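Written below as structure tokens is the structure these notes are about.
The values are calculated or read from the model by the stated rules, or taken from the named source; none is laboratory data. Because the structure is a prediction, the values reported are computed rather than measured. Positions of Cβ are backbone-derived with ideal geometry, glycine not excepted, and every protein chain shown enters the neighbour counts. To get the accessible areas, we keep the full protein, side chains included, count just its heavy atoms, and leave off ligands, DNA and RNA. Shrake-Rupley method; radii C 1.70, N 1.55, O 1.52, S 1.80 Å.
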Amino acid sequence: MSQEMFQKERTLKMRERLIGQSCRLFFPQDPVKIVRARGQYLYDENGTQYLDCISNVHHVGHCHPLVTQAASAQMELLNANARFLHDNIVHYAERLAATLPKKLCIFYFVNSGSEANDLALRLARQYTRNEDVIVLDHAYHGHLTSLIDISPYKFRKLEGQKEWRCFVFMQAPLPDTYRGLYRRDHPNPGQAYADTVKDLIDEAQRKGRKISSFFVESLPSVGGQVILPSGYFPKVAEYVRAAGGVFVADEVQTGFGRVGSHFWAFQLQGEDFCPDIVTMGKPMGNGHPLSCVVTTEEIAGAFTANGVEYFNTFGGNPVSCAIGLAVLDVMEKEDLRGNAVRVGNHLKELLKQLQAKHPIIGDVRGVGLFVGLELVKDRVTLTPATEEAALLVGRLKMKHICLSTDGPWNSVIKFKPPMCFSLEDAERVSAEISHVLRVYEQMNNSGLTQTVSACLPLAPSLISSYEG
Ligand SMILES: Cc1ncc(COP(=O)(O)O)c(C=O)c1O
């Protein structure tokens with residue numbers, strides 16, 4: 001039977017008492033208590049509907065009936081340790097293989113993006129026999145010790161507290177063509193940013209170090225919804241492989257058709273480009289913990305050859321795989337990739353129209369339903385409008401729209417809604433953004449912005465930035 005439903009205040013107090021305070025809530029000043037959800041809509045304890053622009057995990061829509069039915073049917077029949085022979089895991093691996101380049105054909109099922117990335121590190125090290133890792137500045141790859149160590153987004157906050165370098169890693173500049181080292185006016189930013197990776201490799205080699213992997217999100221999301229310049233991945237892969245390393249694409253946020261035109265975001269870098277290892281997670285199980293690493297026969301072979309069994313109690317169990325299969329079915333049946341293209345393009349177009357009217361919008365970028373709106377105080381200096389971004393997110397929440405910020409200064413409004421997000425939803429969000437910015441500009445012109453901030457007590461440290 002279901003538990004007694006607590007008043008929101010009581011839930012909050014219990015949470016404060018019982019749950020680690022580093023586990024933060026969305027909208028920490030006034031959290032939303034969600035009790036049910038459907039599609040792209042969340043409902044609080046009073047039945048108020050919120051439009052969800054945050055939940056990339058609930059990929060085919062919250063509580064999709066085909067997914068919940070597949071889960072409960074398999075749950076009633078059998079859920080067993082993945083060491084028993086079962087059809088679901090092989091069916092699912094075969095369906096995933098059909099979305100990937102042929103070379104990527106050996107699967108390991110795990111339970112979270114962090115587990116997937118940790119295993120990818122092990123695979124890369126075992127295969128190359130090298131240790132060092134190159135990541136992008138501001139990257140996040142997971143919460144395990146091994147991954148905090150390669151996640152500048154997190155470890156920077158530990159500076160001075162922890163000796164994190166159990167192995168050597170290097171940070172390459174974020175290939176952000178809006179505000180990075182090489183911008184849109186550069187004749188070949190893809191090559192120029194790839195050369196920064198080459199410089200790091202050369203430096204490592206001069207010190208007698210060897211590269212095991214270049215570890216990268218196919219589109220840097222916590223870095224601020226960055227769209228990588230063309231040619232970057234193939235060139236980096238060439239440099240990294242020549243140095244004896246492998247290319248790992250973290251598709252935990254970007255995979256499963258979020259970019260619309262392709263199933264995997266790394267495919268935006270060219271049909272011929274193929275990473276050596278791909279990790280996936282979040283959207284895979286529509287909220288059920290399901291993640292995976294896929295790699296080549298050679299890399300998997302080297303991992304097998306170490307003689308140590310890879311055993312994962314829950315990874316690839318029949319229920320998880322039934323859910324994964326149902327997610328793929330819904331994506332096809334409802335043409336959710338096509339929807340991501342149509343709605344994503346419409347959303348970007350609407351946001352670009354707003355950009356023409358509101359100087360605070362410095363940049364609008366994205367592919368499919370992976371979209372970012374970057375706010376700046378000044379379009380020339382590109383000073384990040386961090387407080388204004390928090391203000392906007394806070395105001396939209398009052399209008400029952402859930403959004404978050406990300407990027408090095410939390411100045412990028414991040415859109416990553418369930419893939420069933422509609423044209424009407426896009427229009428509603430853009431109209432509300434326009435309204436908030438108009439009011440903000442009017443108050444700014446009359447020197448009243450302090451008053452607006454006071455109405456929305458959002459300390460910058462509590463701004464809603466989440467790696468999810
Ligand atoms: C790019 C990326 N990689 C890995 C992870 C870790 O995934 P999980 O939280 O499932 O362990 C995240 C989570 O936010 C992520 O955004």
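Worth a mention:
- Residues listed by number, the range 321-349, amide nitrogen under 13 Å from D87 label point at 7 Å toward C-beta: 322
- Per DSSP, loop trypsin sites (Lys or Arg not before Pro) in the range 325-429 with at most 15 further Cβ within 10 Å: R379, K399
- At R0 = 51 Å, FRET efficiency that the Cβ-Cβ distance of E45 and E94 yields, to 0.05: 0.75
- Per-residue SASA entry for Y43, accessible area with 1.4 Å probe, Å² rounded to 10: 40
- In this structure the amide hydrogen of F169, modeled in the peptide plane, comes within under 5 Å of the amide hydrogens of V133, none closer than 5 places in sequence on its chain.
- Considering only beta bridges that DSSP places wholly inside the chain, some 60 percent are antiparallel.
- In sequence order, the range 13-29 has phi-based couplings of 5, 5, 4, 4, 6, 9, 10, x, 6, 7, 7, 8, 9, 5, 6, x, 5 Hz under the Karplus curve 6.51 cos²θ - 1.76 cosθ + 1.60, θ = phi - 60°, and Gly or Pro positions carry x.
- Put T386, T68, T295 in order of accessible area, highest first, and with a 1.4 Å probe you get T68, T386, T295.
- Whether the chain is rounded, prolate or oblate, judged on the alpha carbon gyration tensor where a/c under 1.5 counts as rounded: oblate
- If you sort I134, I227 by accessible surface, 1.4 Å probe, largest first, the order is I227, I134.
- Under the convention that each Lys and Arg Cβ holds +1 and each Asp and Glu Cβ holds -1, the size of the dipole of the range 65-333 around its Cα centre is about 460 debye.
- Solvent exposure, largest accessible area first (probe 1.4 Å, DNA, RNA and ligands not counted), of S151, S446: S446, S151
- Rounded to whole numbers, the Karplus 3J(HN,Hα) couplings from phi for the range 270-276 are x, 4, 7, 6, 9, x, 8 Hz, using 6.51 cos²θ - 1.76 cosθ + 1.60 with θ = phi - 60°, and x at Gly and Pro.
- 3J(HN,Hα) couplings calculated from phi for the range 115-123 with the Karplus curve 6.51 cos²θ - 1.76 cosθ + 1.60 (θ = phi - 60°) are, in sequence order, 4, 4, 5, 5, 5, 4, 4, 4, 4 Hz; Gly and Pro show x.
- For P189, net neighbour charge (Lys/Arg +1, Asp/Glu -1) across residues whose Cβ lies under 14 Å away: +2
- With bins 5 Å wide beginning at 0, the percent of Cα pairs of the range 65-333 falling in each bin runs 1, 6, 12, 17, 19, 16, 12, 8, 5, 2, 1, 0.
- Taking all protein chains as they are arranged and a probe of 1.4 Å, the heavy atoms of Y127 leave approximately 100 Å² accessible to solvent.
- Between N444 and R379, residue separation times 0.36 nm minus the direct Cα-Cα distance comes to 21.7 nm.
- The charge dipole of the range 353-456, taken about the Cα centre with unit charges on the Cβ atoms of Lys, Arg (+1) and Asp, Glu (-1), comes to about 60 debye, rounded to the nearest 20.
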